[in-house]
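All of the numbers you see were taken from the coordinates with simple rules; none came from a lab. Treat the numbers as computed from the prediction; the structure is a model and nothing was measured. Note that each Cβ is placed from the backbone with ideal geometry, even for glycine, and that neighbours are counted across all protein chains shown.
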Amino acid sequence: MLRVASVLIFLFVLSPVQADDLQALLERYVAWRGGAAFEAMRSFRERGDVTAGGLHGKYDKWVLSDGRFRRSDSLGPLSGEQATTSAAGWRTNTSGQIEDLDEDAVRLRQGAYLEFAGAAKGHGARLLLLGTEERDGKVWQVVRVEFGGPDTYDLFISPATGELLGQRITEDRKVRFVHYADWRLVDGVRMPFSQEQTTSNAADSESRHAKSIQINAKAGQFLLARPAQTRIWSFASNQTSTGWVDFEYFGDSQIFVPASINGQPVSLLLDSGAGITLIDSAFAAQLKLKATGALGVVGVVGQSSMPLTSNLSIKIGSLSLTHITAGIFDLSGVAAQEAHPMPVVLGKEAFNQLVIDIDFQRRKISFGDPNGYLGPTEARRVTLGHHGDVRTVPISLEGAPAVPFDFDLGNAGTLIVYPAYSDRMHLLDGRPQTLDMLGGVGGMTTEKLATLKDIEIAGARMTDVPTAFPAAGDNAVNSDQTAGNVGLFILSRFHLIADYPHDALWLTPDPKAVAESFARNRAGLDLMPSPDRLVVMLVRPGSPAEHNGWKEGAEIVAIDGHKIDAKFTGSELSRWSERPAGTDVALTLADGSTRHLTLADYY
């Protein structure tokens with residue numbers, strides 16, 4: 001865990017010419033910003049107008065040279081606050097809940113350091129001269145600032161004048177550029193009154209225009225104090241829990257809970273990996289929900305954006321969740337792929353403030369008051385970490401030290417290993433592998449699939465684990481802060497209690513389930529279901545299907561003489577490709593012909 005709580009001095013070696021060039025450039029920059037006045041600046045307060053997600057509002061920002069920071073944005077459904085002290089950080093989400101920060105608090109501090117002259121003098125930072133780049137029709141010297149972790153901050157400085165064009169910021173492998181303009185002198189310090197942030201996702205771009213900036217404004221202790229938590233839940237009739245509620249465990253891979261949204265009965269998908277609750281656009285239209293603003297969304301495939309709707313009311317048994325802000329998103333593609341209606345995805349808002357007890361063996365779930373909660377004595381307590389909008393759980397792969405994996409009840413699979421960790425550990429070197437279909441935000445793509453010898457989570461060891469290895473890109477799997485994502489095929493082998501309010505996951509292994517072999521596709525056909533047939537979307541390399549000459553686009557209408565119908569998905573027949581190696585399966589095609597396929601292990 002990276003923490004920046006004190007000033008560190010990093011030693012670095014440059015050639016004499018490079019060192020002289022860098023030193024001269026930084027001196028010009030400091031002089032251009034105001035020289036002695038800039039070096040004497042220890043804090044500033046900035047207030048003005050902000051535009052983000054198609055909304056316009058106000059902001060108020062305090063920045064201190066020791067890394068303390070606080071900003072408030074008044075932007076309707078995108079309103080929020082974030083702050084960091086020398087030891088901790090927090091922010092509010094779109095539903096007004098306060099969430100603790102971990103690595104993001106470090107980033108807020110690093111961003112604060114860069115606002116002052118100390119970083120340009122190498123205090124608490126490592127400085128590198130990268131060379132020149134052309135931007136906005138001019139040539140700029142690029143100085144990289146590093147704080148000892150993987151994040152980087154590139155300053156674009158005029159070699160002639162020391163003028164600062166902006167920063168290219170790379171945090172958790174995501175890149176954005178902040179362009180500064182409208183520089184004005186305030187008490188002898190040159191400050192930017194205009195900032196434009198651009199990213200690869202247009203929905204995350206924003207602009208800020210300061211109306212006033214105060215240099216060395218005094219910040220009282222109250223400034224960084226946490227506000228009172230906004231409680232979004234309540235139970236009827238003084239109850240402290242819903243008690244057990246039956247859930248549908250569709251395909252043994254998705255948790256659907258009976259609920260109502262604004263009084264409309266619905267079956268919602270429970271997804272701890274969703275940073276915000278989602279409502280399908282067609283269902284939102286049915287409920288006549290008002291949409292406003294836009295929020296960038298990053299999935300395992302790519303990026304997109306979605307409008308927001310506020311003040312939703314969700315009821316699950318005796319539990320009421322109120323003042324929920326949700327994203328409106330077209331979930332029809334995901335629903336078609338999973339062959340189950342998906343009107344609502346309940347995200348982390350419910351997890352943030354409640355204890356959620358999931359008994360997979362009995363298909364029952366309960367939501368409870370976290371006050372005074374103590375986990376069961378027979379359970380293993382696992383401390384939850386933070387990774388952006390998601391909590392993390394430590395997992396060891398093949399005997400290596402445990403590393404954080406995103407805790408994702410919405411992952412209808414086993415394990416995803418992100419490319420940064422996979423490359424660092426050379427996990428695919430010499431390992432048999434194939435390809436698999438991956439779907440989500442941004443559409444469909446392929447990912448590598450291989451088998452890990454074993455993993456360990458909460459003291460439970462599981463062997464021969466089919467694991468996905470997606471490629472890096474502008475997506476949720478491109479991270480250097482977490483090693484991957486753990487899904488339901490692993491988590492469902494425990495009696496699981498999510499206790500976010502106490503940063504805990506309580507896991508009691510089911511010995512029989514832990515010992516069971518993981519299901520795997522031994523045919524090599526990835527299929528898209530429809531009411532009366534299965535369409536081949538991918539023929540996996542090296543699989544029995546490839547060796548047997550199967551092609552994408554083929555349509556299967558029956559398996560071993562059993563016709564495909566609306567009840568196919570989730571049925572025992574749907575698991576035909578997971579039968580033991582050596583099994584012969586007769587597949588009837590749409591043209592009436594029958595082809596035989598012998599199942600085998602191939603990765």
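If you bin all the Cα-Cα distances of region 330-382 at 10 Å, starting from zero, the percentages per bin are 18, 36, 30, 15, 1.
Quick one: of the DSSP bridges fully inside region 380-515, what percent are antiparallel, nearest 5? Around 90 percent antiparallel, to the nearest 5. Rounded to the nearest 5, what % of the DSSP beta bridges within the chain are antiparallel ones? Restricted to the chain, the bridges split so that about 95 percent are antiparallel.
Rg/Rh, computed from the Cα trace of region 534-602 with Rh as the Kirkwood radius, has the value 0.93. Within the shell of other residues whose beta carbon sits under 10 angstrom from the beta carbon of L155, the net charge comes to +1, with Lys and Arg scored +1 and Asp and Glu -1.
With a sphere of radius 13 Å drawn around the Cβ of A219, what net charge do the other residues whose Cβ falls strictly inside it have (Lys, Arg +1; Asp, Glu -1)? It would help to have the intermediate numbers written out before the result.
Details: positive: R42, R45, K61, R68, R70, R71, K218; negative: E46, D60, D66.
Net charge in that neighbourhood comes out at +4.
Each peptide among 336-345, 594-603 gets the average number of other Cβ atoms lying within 10 Å of its residues, and from highest to lowest they stand as 336-345, 594-603.
With the simple spin-label model, which puts each label point 7 Å out from Cα in the Cβ direction, the A566 to K453 separation comes to 5.0 nm.
Please tell me which of these pairs span more than 25 angstrom C-alpha to C-alpha: K448/K563; K174/K315; K211/K348; K58/K290; K348/K448; K121/K211?
From K448/K563; K174/K315; K211/K348; K58/K290; K348/K448; K121/K211, over 25 Å: K448/K563; K174/K315; K211/K348; K348/K448; K121/K211.
Each label point was placed 7 Å from the Cα along the Cα-to-Cβ direction; for E133 and H502 their separation is 4.7 nm.
Seen from a random direction on average, the alpha-carbon convex hull of region 16-224 projects onto 11.7 square nanometres. For the chain, the relative contact order comes to 11 percent (Cα pairs under 8 Å, sequence separation of at least 6). Each other residue within a Cβ distance under 14 Å of R363 adds +1 if Lys or Arg and -1 if Asp or Glu, for a net charge of -4. Please list, by residue number, everything in region 116-145 whose backbone N is under 20 Å from a paramagnetic label point 7 Å out along Cα→Cβ of T170. From region 116-145, the list is 120, 125-136, 140-145.
Relative contact order for region 168-233: 21 percent, from Cα pairs under 8 Å spaced at least 6 residues apart, divided by residue count.
To the nearest 20 Debye, how big is the dipole of region 353-433 about its Cα centre, given +1 on the beta carbon of each Lys and Arg and -1 on that of each Asp and Glu? Before the final figure, lay out the partial values.
Numbers: 8 positive and 10 negative charges, 39 e Å.
Its charge dipole is roughly 180 debye.
So how tilted is helix 103-113 from the main axis of the chain? Cα-based, degrees 0 to 90, rounded to 10. So the helix axis and the longest Cα principal axis differ by about 20 degrees. Helix 16-33 and the longest principal axis of the Cα set of the chain meet at an angle near 70°. Put a plus charge on the Cβ of each Lys and Arg, a minus charge on the Cβ of each Asp and Glu, and nothing anywhere else: the dipole of the chain about its Cα centre is then about 1380 debye.
Site pair R363 and K121 shows an inter-label distance of 6.8 nm when each label is modelled 7 Å from Cα along Cα→Cβ.
If R0 is 35 Å, what FRET efficiency do you get for S267 and T383 from their C-beta distance, rounded to 0.05?
Values: r = 32 Å, r/R0 = 0.92.
Once rounded, the FRET efficiency stands at 0.60.
Gain on full extension, evaluated as 0.36 nm per residue between A586 and A87 minus their Cα-Cα distance, stands at 173.4 nm. Between S194 and S260, what FRET efficiency follows from the Cβ-Cβ distance if R0 is 51 Å, with the result rounded to 0.05? Approximately 0.65, to the nearest 0.05. Tell me the label only: which of [x] 26.5, 84; [y] 23.6, 74; [z] 24.9, 84 is Rg and Dmax of the Cα atoms in Å as calculated from this structure? So the structure-derived entry is [x]. Between region 535-603 and region 384-413, what is the separation of their alpha carbon centroids in Å? Region 535-603 and region 384-413 have Cα centres separated by 33 Å.
Set the Förster radius R0 to 45 Å, insert the Cβ-Cβ distance between R579 and T292 as r into 1/(1 + (r/R0)^6), and round the FRET efficiency to 0.05.
Working: r = 50 Å, r/R0 = 1.12.
So, using R0 = 45 Å, E works out to roughly 0.35.
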